[in-house]
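Notes follow once the structure below has been shown.
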Amino acid sequence: MGETSSAFAGLVAWTVAGLLLVVTVTGLSRKVGWSAPLVLVAVGVGLSYLPFTPQVRLEPDVVLVAVLPALLFAAALQTSFLEVRSRGDSILALSVGLVLFSVLVVGFATYWLLGAVVPGVTLAVGLAFGAILAPTDAVSVGALAGTGRLPRRLASLLEGEGLLNDATALVSLNTAIAAILEPGAGFGNAFWLFGRAVLGGVAFGVVVAWVIGRVRRRLRAPVLDTSLSLATPYVAYLPSSLIGGSGFLSVVITGIWLGYRAPSFQSAESRVAERINWRTVSFLLENAVFLLIGLQLKGIVELAATSDIGVLPGVLIIAGIYLSMVVARFAWVFGATLLYRFGPEALRERRWDWKTAIAISFAGVRGVVTLAAVFLLPPGTPDVGFLQLAAFVIVVVSLLQGLAIGPLVRRLRLPLPNPEQDRVQIRSLVAEAQDAAISRLEQEATEEDPEELVSSLKRSAEYRMMIGTSDEQGMITQPDAYSRLRLLMLDSERRAVLDAQREGRYEDSVINAVLGDFDSIETALKRSYRRDVAKPQARSNPLGALGRLRRRP
């Protein structure tokens, strides 16, 4: 019992030390302007060779079951459903078409290059390694380029690609592994497994999103709502995987839909709490993953040392595989660009220019999914240690390549997000919302409401309309009437913004900024009311009206 407790205490101590190291290194890297992902990888490599550092092996189940669903769900919550729907063909071309094309190109290159040196390498092994290298890591791209340093369209395409390509690549990998274990299974069985995973993942994701949305509509306490939110990615992932569907697709579908429908079933307090919690979870997991990538190196090198492949042949094989991966991405993206520019009119309307094509092609950064997936190769795979080392080297080289994304975007003179344009849109959107709020105030105000209060609320709305901000002037007298009327006005403001979002008249960053302000105002208003003026013996509940409004579909 004592030994068990001591081992567990040691595990907890190393985990806490790792988290503190992640926070410290990331903070210092940002302060001096360095790339936090690469610094964390370098720190992990250095630590892996220190005598007191325990050997770390990145168990694939830990990443694929515990970490990746949470990261995908957090990203999906912030992804615009309308943006995905409007650019669905482009995103599918990258997240499905490009992944399958990369699996084939890199798979045949691996089969040809590695098979020339190592006996027993089959095409199924090559395709499995192609599937391992196929998914890009949108988190790494964003972290390397920096917040706000990518054009919005480029960031949207890469984000959508990163959400869905993990599922496509892992389904392809499972299919290839099945072919390795059962060489005579045939392509018919492979297509069946692939189709079942995709259709099952999408269907289960839709069901989970509907059920979770109905349950959360009935929750009042933000702590309960946020707790259910933290469990949701695993509710979507685990059952879907058990029935043969793609759990990752289920997680993404669930997250995108719940993020889109959040204003209809969540209170403002719940939305604020959920954003803060998922931002924290994402920060810790994303950066801890880069540290773990570095800590892997020692164990991978020791296993690769047992290979009969020499140093020079090994370098040439890895370089050839990496080159095939890069060429495959450039070829597919430029082929898609040709189709969008010269194909049917429906595609020409959504075409991107050649500069954007270059940036998309260059942003093929690999990450933790590749390193986790390489450990899924069966133990009997020829020279599996060399393949693990190759995956590590390719991930690190792609991260170094990712450092050039920001300078490349500036060199191509692609339009970056314009803060002044955002401010203009925010002022316009706030003006629309305040106009809706004034109309609601005039409808809902009664003779019992003090005239000076109604006039004050109207003047405040007109002032917000004029200056283009949703900042509050603060609580005034008559808190009951103020709370009731101001919350009703907020409800109309939010509805006006959501209408504008559905019509696609503003950038998503503008919509999210204004909705976030509304949530903060509503949260502060409710807290102030409960703290300062709520008296059970003599008060009606002016917040009840908003609760009933929030439950409307």
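A short reminder: the numbers here are calculations on the coordinates, not readings from a lab. Quick caveat, the model's predicted, so the values are computed rather than measured. In this analysis, Cβ positions are derived from the backbone assuming ideal geometry, glycine residues included, and neighbour counts consider all displayed protein chains.
Assorted remarks:
- Segment R220-Q421, extension gain: residue separation times 0.36 nm, minus the distance between their alpha carbons: 68.6 nm
- Nitroxide proxy distance, nm - points 7 Å out along Cα→Cβ at L238 and V311: 4.8
- In order through the stretch 246-262: 3J(HN,Hα) via Karplus (6.51 cos²θ - 1.76 cosθ + 1.60), integer Hz, x for Gly, Pro: 7, x, 5, 4, 4, 4, 5, 4, 4, x, 5, 5, 5, x, 5, 8, 3
- Computed [θ] at 222 nm, helices only, for the chain once each DSSP H run of length n ≥ 4 contributes -39500 (n - 2.57): -25500 deg cm²/dmol
- Where only alpha carbons of the chain are counted, the Rg and the Dmax (Å): 26.3, 90
- Residue separation of F342 and R505 scaled by 0.36 nm, minus their Cα-Cα distance, works out to 55.9 nm of gained length.
- Backbone N atoms of the stretch 45-65 closer than 14 Å to the 7 Å Cα→Cβ label point of T15 belong to residues 62-63.
- Calculated from backbone phi, Karplus (6.51, -1.76, 1.60) coupling profile of the stretch 440-454 in Hz, x at Gly/Pro: 5, 4, 5, 6, 8, 5, 10, 5, 6, 6, x, 4, 5, 5, 4
- Residue-normalised convex hull volume from the C-alpha trace of the stretch 36-114: 174 Å³ per residue.
- As a length-normalised measure over Cα pairs under 8 Å and 6 or more apart, the relative contact order of the chain settles at 20 percent.
- When you restrict to C-alpha pairs under 8 Å that are six or more residues apart and normalise by the size of the stretch 312-394, the relative contact order lands at 29 percent.
- Remark: the Cα gyration tensor places the stretch 239-317 in the prolate category, a/c being 1.5 or greater and a/b exceeding b/c.
- With a simple spin-label model that places each label point 7 Å from the Cα along the Cα-to-Cβ direction, the separation between L199 and K355 comes to 4.5 nm.
- With R₀ fixed at 41 Å, the C-beta to C-beta distance from T122 to L498 puts the FRET efficiency at about 0.15.
- Between R413 and F330, the distance separating the two model label sites (each 7 Å from Cα on the Cα→Cβ line) works out to 2.3 nm.
- Order by protection proxy (mean Cβ within 10 Å, highest first), peptides 443-454, 259-270, 400-411: 259-270, 400-411, 443-454
- Global geometry of the stretch 283-374, whether rounded, prolate or oblate, following the gyration tensor of its Cα atoms and the 1.5 cut on a/c: oblate
- Over the stretch 58-181, volume per residue of the alpha carbon convex hull, in Å³: 126
- When every Cα-Cα distance of the stretch 22-78 is counted in 5 angstrom steps from zero, the calculated P(r) takes the values 4, 15, 15, 16, 25, 18, 6, 1, 0 percent.
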